[in-house]
Amino acid sequence: MEILGILIPVSLFLGFIGLVAFIWAMKNRQFDDPQGDANRILTKEWDDRPKP
Amino acid sequence: MTVTGERFEVETPQGGGISACPACIAAPSAERLAAMAAPADARIMLSLPEAHCAVCISTVERAVAALPGVRSARLNLTLKRLSVEADPQITAADLIPAINDVGYEAHELDPGLLSTTETERQGRDLLMRLGVAFFSMMNVMLLSVAVWSGAEGATRDLFHWISGAIAIPTVIFSGQPFFKSAWRSLKAGRLGMDVPISLALILATSISLYETIRSGHHAYFDAAVMLAFFLLLGRYLDHRTRAIARSAAQELAALEVPRALVVEAGAEILKPIAEVAAGDLVLVRPGGRMPVDGVVVSGASEIDRSLLTGESLPVPAAEGSVVSAGEVNLTGPLTLRVTAAGKDSSLHRMADLVAVAEAAKTRYTSLAERAASWYSPLVHILSFSAFGFWMWKTGGDLRYAINISAAVLIITCPCALGLAVPAVVTAASGQLFRRGLLIKHGTALERMAEVDCVVFDKTGTLTLGTPEPANLSDHPDAAIEVALALASASSHPLARALAEGGRARGLRPARVEDIREVPGYGIEGRWKGRRVRLGRAEWCGTKGVAETATYLSTGEGTPRAFTFVDRLRPGAAELVAALRRSERQVVLLSGDTPAVVGALALRLGIEDWSAQVLPAEKAARVNDLKDAGRKVLMVGDGLNDTAALAAAHVSISPATALDAARVASDIVLLGRDMAPIADALRISQQARRRIVENFGISASYNVIAVPLALAGHATPLAAALAMSLSSITVSLNALRLK
């Protein structure tokens with residue numbers, strides 16, 4: 001059962017990363033235009049180099 | 001020009017330094033006035049209703065970014081809005097043609113009115129709490145599975161402690177919306193839905209903490225976070241539905257950027273309405289809407305009053321005529337002396353009427369409120385009586401009795417109730433939005449389900465307010481060709497309809513020379529050396545007929561009358577037929593003349609109609625119907641309908657309606673087609689049925705689970721199962737809506 005001492009912190013840590021990523025995404029307005037972002041990935045523009 | 005939030009500062013001579021010519025400062029040049037009106041930096045918002053795909057994004061952005069002076073352009077496809085940052089001299093008028101050239105319709109939006117920041121902040125706040133609750137629910141649930149499957153002794157205690165360490169901060173953070181609203185309702189002396197929710201959250205957490213310290217068997221940490229998660233989900237759905245409706249409604253309002261062309265010291269300056277004062281001179285170009293109430297000081301034209309009075313025929317306006325805000329100037333430019341602007345204008349005074357009616361509407365108790373009003377006392381009584389009973393039965397075992405009463409509070413599961421209404425309303429308004437109906441008011445759907453009588457306005461509602469020629473086939477082609485040539489030169493609605501009708505018959509305009517428009521009268525030209533005129537009856541030297549008509553004199557024979565009928569809104573006939581099939585009473589109330597209204601009523605098969613109805617009479621008729629026990633749905637668009645819209649049980653206005661009418665109505669019809677109203681009636685009835693079903697589902701879960709909890713057999717596993725199962729069934733039931 002010693003494995004629990006490692007696994008529980010690991011699972012909590014991974015979950016926490018998910019939570020932080022979610023909060024970061026929200027603060028960065030990643031959910032402002034879900035439809036637009038889904039479509040933008042299809043355009044060939046700026047495929048060769050990043051938008052200046 | 002984008003002038004929003006910018007104040008027009010008037011520089012004082014002191015501020016301008018010492019000048020050799022005081023008059024120069026006192027009377028600033030036209031250029032300076034114009035320069036002062038210019039904002040420091042242009043941030044332009046445009047609505048692009050037709051944008052829908054990846055190609056749209058790159059086409060539009062590339063077209064706009066290629067314009068000189070534009071710094072950046074980004075199209076938000078979800079909101080169908082383009083935001084542009086550009087040099088100060090760039091205005092929306094510079095961008096719109098470029099967008100039209102690549103094939104998209106674009107409308108300017110007033111960014112000042114689109115201040116959704118507060119709503120957005122609330123939504124993000126809720127989403128953040130929801131995210132935290134989800135994270136802890138998943139982790140606590142994993143740990144609880146181990147306990148449910150039989151962890152013993154030190155392992156169980158360890159798991160309880162870890163769960164507590166995750167759950168307690170979560171409940172404190174994520175539960176705040178409930179605690180706050182429960183506290184508010186307690187202070188007001190009411191028992192809302194949030195009181196039992198908060199009590200369940202607090203009691204479950206504290207009893208679990210106590211049990212964990214005493215290394216007890218049962219801890220309800222998982223139930224507490226799950227409760228918080230499901231309830232926040234309901235709250236968030238509710239918030240999102242409202243936010244979408246609000247932002248769409250704001251977009252409609254922002255489409256009419258309220259500005260006026262003020263003539264000042266010989267220069268024309270575009271000013272926001274708020275800064276126009278009584279006594280100013282305002283220029284209104286043909287096709288423009290009167291921004292203010294005023295008296296015409298120069299110019300001659302015809303004005304379209306249909307939005308205000310319901311009259312479908314344009315009225316001539318010349319020097320001395322009184323015009324009110326909201327009327328549309330048709331043929332010639334008019335200069336007005338402002339008598340009332342902004343808040344004092346007749347348009348704005350209507351807002352008072354609306355406010356009174358809005359207050360009446362909030363008195364409607366929704367199904368959710370009715371459910372909460374019997375639910376919360378019942379839950380408290382059950383929980384306290386369980387506590388009392390077990391105190392007596394066990395001879396004062398406080399710990400056991402509190403455990404039972406907490407289990408009762410958790411298991412009565414307000415989470416299904418909290419999801420029951422928002423899930424259905426979200427699904428239903430999503431369905432209706434796809435069909436082009438915007439639900440502005442939270443209880444509008446429920447009220448819509450009760451409707452048994454529908455009152456229509458005519459001009460602009462059942463008809464589009466745009467005429468179409470009725471008797472073209474009575475005239476020889478040669479006459480129509482002359483009329484076509486003359487009509488093509490004017491923007492008058494009758495002329496435009498005539499030109500369109502002529503072209504639709506495959507005719508080509510005759511060679512008419514020297515065409516000129518005589519504002520207020522008609523169009524004149526020379527054809528085969530003769531003077532030809534298209535316009536008012538007297539001007540063409542004849543007597544008018546009863547219907548809406550325009551006259552053509554070619555210098556030989558009697559002038560010809562081209563008559564028009566109002567074009568029916570698409571779907572209107574089907575809607576009226578559907579309403580009659582469903583045995584709802586249909587009434588037509590119009591401010592227009594009896595001849596026109598009667599003809600339309602006959603065409604649609606409406607037996608109950610009245611013409612020349614004044615605005616106050618419309619509201620009175622609606623109130624009479626209400627007193628007779630009918631639940632009235634009012635559909636109207638004009639200022640003359642506003643009071644009736646507000647008085648009705650539920651109301652719908654088309655997006656083309658006047659701002660005041662849209663504000664007064666609960667539902668806005670976004671498209672031109674009227675058929676979705678029949679869908680709305682059907683969907684609202686279905687939604688109401690689903691809400692009642694959902695209450696039934698959560699009640700039946702309680703009927704099974706509550707006796708278990710009262711008897712003291714409820715385990716955390718049973719609570720978790722009841723809660724998730726009922727929440728999921730309720731959400732699935734809501735999604736069945738079609």
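Below, the figures for the structure above:
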| quantity | calculated |
| --- | --- |
| Residues of region A:43-52 classified as more than 8 Å from every other protein chain (Cβ to nearest Cβ) and among the acidic types (D, E), total | 2 |
| Selection from region A:18-32 of residues that are within 8 Å of another protein chain (Cβ to nearest Cβ) and small (G, A, S) | A:G18 |
| The listed residue being touching a helix residue (DSSP H, G or I) at 6+ places or on another chain (Cβ under 7 Å) and within 30 Å of B:T563 (Cα to Cα), out of B:G465, B:G436 | B:G465 |
| When residues of region B:162-190 are limited to those that are within 14 Å of chain A (Cβ to nearest Cβ) and surrounded by fewer than 16 Cβ atoms within 10 Å (Cβ to Cβ), the one farthest from B:R121 (Cα to Cα) | B:A165 |
| Helices (runs of 4 or more DSSP H) fully within region B:18-132 counting 1 or more residues that are within 14 Å of another protein chain (Cβ to nearest Cβ) and at pLDDT 85 or above | B:54-65 |
| Subset of region A:1-17 (residues that are facing another protein chain (nearest Cβ under 8 Å) and outside any helix (DSSP H, G or I)) | A:M1 |
| Residue list for region A:33-42, filter: at the interface with another protein chain (Cβ under 7 Å from one of its Cβ atoms) and either surrounded by 14 or more Cβ atoms within 10 Å (Cβ to Cβ) or charged (D, E, K, R) (or both) | A:D33, A:Q35, A:G36, A:N39, A:R40 |
| Qualifying position, being at negative phi, in a helix (DSSP H, G or I) and out of contact with any Asp or Glu (no Cβ under 7 Å at 6 or more places or on another chain), among B:A151, B:A182, B:A146 | B:A146 |
| B:N403 vs. criteria touching a residue at least 40 places away in the same chain (Cβ under 8 Å), more than 29 Å from B:N733 (Cβ to Cβ) and out of contact with any helix residue (DSSP H, G or I) (no Cβ under 9 Å at 6 or more places or on another chain) | no |
| Strands (runs of 3 or more DSSP E) wholly inside region B:552-670 that include at least 3 residues being touching a residue at least 12 places away in the same chain (Cβ under 8 Å), surrounded by fewer than 20 Cβ atoms within 10 Å (Cβ to Cβ) and not small (G, A, S) | B:560-568 |
| Residue check for B:V730: under 22 Å from B:I404 (Cα atoms), β-branched (V, I, T) and in a helix (DSSP H, G or I) | no |
| Residue check, B:Y220 more than 28 Å from the chain's Cα centre (by Cα), of a type in the set (F, W, Y) and crowded, with 24+ Cβ neighbours inside 10 Å | yes |
| Residue check for B:E211: farther than 30 Å from B:G153 by Cα and out of contact with any Gly (no Cβ under 7 Å at 6 or more places or on another chain) | no |
| Per-region count, region B:289-332, residues at pLDDT 75 or above, of a type outside the set (D, E, K, R), buried (at least 17 other Cβ atoms within 10 Å of the Cβ) and closer than 18 Å to B:S490 by Cβ | 11 |
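The values are calculated or read from the model by the stated rules, or taken from the named source; none is laboratory data. Not measured: the values here are computed from a predicted model. Neighbour counts are summed over all protein chains in view; Cβ atoms, including those assigned to glycine, are modelled from backbone coordinates with ideal geometry.
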